[in-house]
1. Need one number for segment 6-72: average projected area of the convex hull over its C-alpha atoms, nm².
2. Based on the alpha-carbon set only, what is the convex hull volume of segment 62-135 divided per residue, in Å³?
3. How big is the C-alpha Rg of segment 168-220 next to the rule-of-thumb value 2.2 N^0.38 Å, as a ratio?
4. Gain in length, residue 45 to residue 237, computed as 0.36 nm per residue apart minus the alpha-carbon separation, to one decimal in nm?
5. How many percent of the alpha carbon pairs in the chain exceed a separation of 30 Å?
6. Restricting to bridges with both residues inside the chain, how much of the DSSP beta-bridge set is antiparallel, in percent to the nearest 5?
7. Can you give the translational diffusion coefficient of segment 129-242 in µm²/s, computed by Stokes-Einstein from the Kirkwood radius over Cα pairs at 37 °C and 0.692 mPa s?
8. Let's test the formula: R0 of 25 Å, r as the Cβ-Cβ distance of residue 122 and residue 214. What FRET efficiency results, to the nearest 0.05?
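Throughout, read-outs are computed from the coordinates displayed, never taken from laboratory work. Everything quoted here is computed from the prediction, not taken from an experiment. All Cβ positions, even for glycine, are placed from backbone atoms using ideal geometry, and neighbour counts span all protein chains on display.
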Ligand SMILES: C[S@@+](CC[C@H](N)C(=O)[O-])C[C@H]1O[C@@H](n2cnc3c(N)ncnc32)[C@H](O)[C@@H]1O
């Protein structure tokens with residue numbers, strides 16, 4: 001359990017500094033990502049030393065069986081500029097992919113990157129998706145779910161849009177333990193916010209990042225929340241010593 005969880009055992013969702021309620025949290029998150037959109041891809045690759053590409057690919061590979069289903073439909077939730085969905089596309093030409101995000105400038109970039117790849121993007125809040133019940137075989141979300149103002153509501157919404165037998169894959173940062181945890185913690189809390197602020201030219205988002213990871217439920221708690229939302233066969237697989245990890249579950 002993190003210090004944040006000990007103080008507040010049931011964290012509702014992301015809470016950027018100064019955001020007093022869920023609506024304010026969502027607005028702050030949307031404004032942050034809209035502001036950093038022009039430099040987002042560059043910063044991702046620099047700050048992760050390109051490991052982000054391996055994580056997206058590894059997560060996408062995990063779902064090859066689902067992707068092979070006839071008429072498969074995939075939702076890339078909180079798609080940002082579209083890299084998770086594009087990693088899915090590289091695994092299979094088969095599925096129709098929908099990317100959803102509520103930050104317009106991120107979506108505009110996603111629309112350019114995904115054009116002509118049977119990949120439609122929609123501007124939508126992950127907590128109120130304008131999508132039919134039971135209409136997707138797979139929902140993937142990379143580094144986005146952690147930013148939702150209400151994690152349980154987010155899981156319920158994912159569950160709602162999945163077909164029976166459909167799968168969810170939530171890829172997000174974790175907090176590695178041991179010596180690596182100490183070294184990585186220094187990089188993540190001290191170095192990354194400075195470099196992120198310098199390159200993006202925007203103060204705030206790259207300090208919010210480590211704070212949001214610290215606030216995010218640990219794997220056992222997340223798996224409990226996924227079960228409570230109705231998911232079965234839930235699991236968490238650490239990536240790169242737990243710096244990131246993939247949550248999976250089946251409806
Ligand atoms: C860190 S970026 C991740 C983007 C992309 N998935 C990736 O792997 O690079 C997080 C994205 O989640 C989006 N997001 C956060 N909360 C959201 C919400 N409630 N509804 C829709 N999008 C949301 C942000 O706008 C942002 O584009």
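1. With every direction weighted equally, the projected area is 8.0 nm².
2. Roughly 85 Å³ of hull volume per residue.
3. In units of the globular-protein estimate, segment 168-220 measures up at 1.24.
4. Working it through step by step, the gained length comes to 66.9 nm.
5. Considering the chain, 20 percent of its Cα-Cα pairs are separated by more than 30 Å.
6. 40
7. Numbers: Rh = 15.7 Å.
In µm²/s, the coefficient rounds to 209.
8. That pair, residue 122 with residue 214, gives E of 0.20.
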